[in-house]
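A.B. asks: Quick one: this structure, given as C-alpha cells, is what I'll be asking you about.
A short reminder: the numbers here are calculations on the coordinates, not readings from a lab. Everything numeric in this text was worked out from a predicted model, so none of it was measured. Every residue, glycine among them, receives a Cβ derived from its backbone with ideal geometry; neighbour counts consider all protein chains shown.
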Amino acid sequence: MASEDDTAYKQLFAYPEMVRDLLLGFVPGEWVRQLDLDSFERINGSYVSDGGHHRHSDMVWRVRLAGEWIYIYLLLEFQSRSDHWMALRMQVYIGLLYQDLIKRHELPETGRLPPVFPLVLYNGKRRWKASLSLASLIAAVPPEIRHLQPAQSYLLIDQQRLPIAALAVFQNLVATAFRIERLATEQDIAGELETWRQQPGIAHRVSAQQALTRWVAVRLQRLARERMINLRIVSEAKAMTVPFFDSLDDALRYEAELYGDRQRLKKLLIKRFGSLPNKLSRRVESAEMDQLDLWFDRLFEAHNIQEIFAEDQPA
C-alpha cells in the first residue's frame, strides 16, 4: 500500500506543468523541444490486467508531436530498491494501454499504434540496478530467432543520483520537488519552498503550487514522526558506545535506515507469502543491513518463505 507521502508525491504529476517540467528538464533529446506543450492531456489509466490487478503508481499522458499524439507512460517507483523485472512490467503495461486504445477506437486515422515514451521515475536511496531493456533478461537464443524476442526498453530517471549542481540550475517545479526530497530538516524545506514561491510567473500555477504545498506538508509530518523515533534511539544509544561510527549522528542515520528497511522487508514478505511467522519476524527485527540485503535479493526468486531464510535457520 502506498504511503501518504507517496500518494501526495504522485499527485504532483497529476498536473501538466509537472510533466512538462520533467520532460524539459530531465529528458534528453531535441524531440522534447518540439512537443506542443499546450496539448498535454491525461488519459484513462484505470484499465486492469486480465487478472484484475489495479496499478496505482503509473500515469499516462499524451501530447502532440508534429501534429500526432505521443503517449507518455510515467511510472513512479517508490520502493527502496530497483525492480529486477521493470522492463517486463513496462512491456505489459504498454500492451494494456494499446489494447485499451484499440477497444475505445482511439487509434490514429492511419490505424497504426501511436508511439509511447516509457519513463520510470525512481526515488529510492539505493542505486537502480535493474536492466533497462527486456532483451537482456531473456536467456541466450540462436541468432536466427534473436530478432523475434521482445526488447522493450524504458528511460530511467534515478532521482537520488542526479547531480546536485544540475538540480540547482533548473528553476522549475520538478527540480524544486527533487531538491526538497533530499532535504532533511524542516527549516531547509521551508526555505526551499519559499524560494520557489518567489520565482517570477509562479502566480498562474495555482493548482500545481497547492499540490506541491500539500506534499511538503506530508513530508514535514513524516520528518516529525521520524524525529520522535530518533529521540527514542538517542535515549537508547546514550547508554552505549558505538565505535564503528564517527559520530552519534552517523549512528542515528544508520539506525533510521535500518529500521525502515526492516519494516519494508516485512511488508514485502507478507505481500508475497501472505503471512510472516513470529519467529521470522523477530529475525528481521534483529538483522543488520548486509543480512537484509541478502533477503531482499532472494525475495522475488524464492518459491516459498523458507527459501529466503533457509541458510539462517538453526541446524
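A.B. asks: To the nearest 0.05, how large is the calculated FRET efficiency for Ser153 and Glu288 if R₀ is 45 Å and r is the Cβ-Cβ distance?
C.D. replies: The value I calculate is 0.80.
A.B. asks: Oh, and also: Got a sec to turn the phi values of region 271-281 into Karplus ³J(HN,Hα) couplings, 6.51 cos²θ - 1.76 cosθ + 1.60 with θ = phi - 60°, whole Hz, x for Gly and Pro?
C.D. replies: 5, 7, 10, x, 7, 9, x, 4, 5, 6, 4
A.B. asks: If region 59-127 were replaced by its equivalent ellipsoid, with semi-axes equal to the square roots of 5 times the Cα gyration tensor eigenvalues, what would those be, largest first, whole Å? Each step should come with its number before you reach the end.
C.D. replies: Numbers: eigenvalues 151, 34, 14 Å².
Whole-Å semi-axes of the equivalent ellipsoid: 28, 13, 8.
A.B. asks: Under a plain spin-label model, where a point goes 7 Å from the Cα along Cα-to-Cβ, how far apart in nm are Lys103 and Arg127?
C.D. replies: Taking the simple label geometry, Lys103 and Arg127 are separated by 4.1 nm.
A.B. asks: With a Förster radius of 45 Å, plug the Cβ-Cβ distance of Thr213 and Phe273 into 1/(1 + (r/R0)^6) and report the FRET value to the nearest 0.05.
C.D. replies: On the way: r = 40 Å, r/R0 = 0.88.
About 0.70, to the nearest 0.05.
A.B. asks: Hey, can you rank 300-307, 14-21 by average C-beta count inside 10 Å, highest first?
C.D. replies: Sorting 300-307, 14-21 by mean packing, highest first, produces 14-21, 300-307.
A.B. asks: Follow-up question, since we're still on this one. Can you tell me which lysines have their Cα less than 20 Å from the Cα of Lys266? Leave out same-chain residues fewer than eight positions away.
C.D. replies: Lys125, Lys279
A.B. asks: Take each of the peptides 271-278, 153-160, 132-139, average the number of other beta-carbon atoms within 10 Å over its residues, and list them starting from the highest.
C.D. replies: 153-160, 132-139, 271-278
A.B. asks: Using the Karplus curve 6.51 cos²θ - 1.76 cosθ + 1.60 with θ = phi - 60°, work out ³J(HN,Hα) for each residue of region 60-66 in order, rounded to whole Hz, and write x for Gly and Pro.
C.D. replies: My calculation for region 60-66 gives 10, 10, 10, 8, 7, 10, 6 Hz in order.
A.B. asks: While we're on this one: Near Lys103, which lysines are there with a Cα under 28 Å away, not counting those fewer than 8 places off in the same chain?
C.D. replies: Lys10
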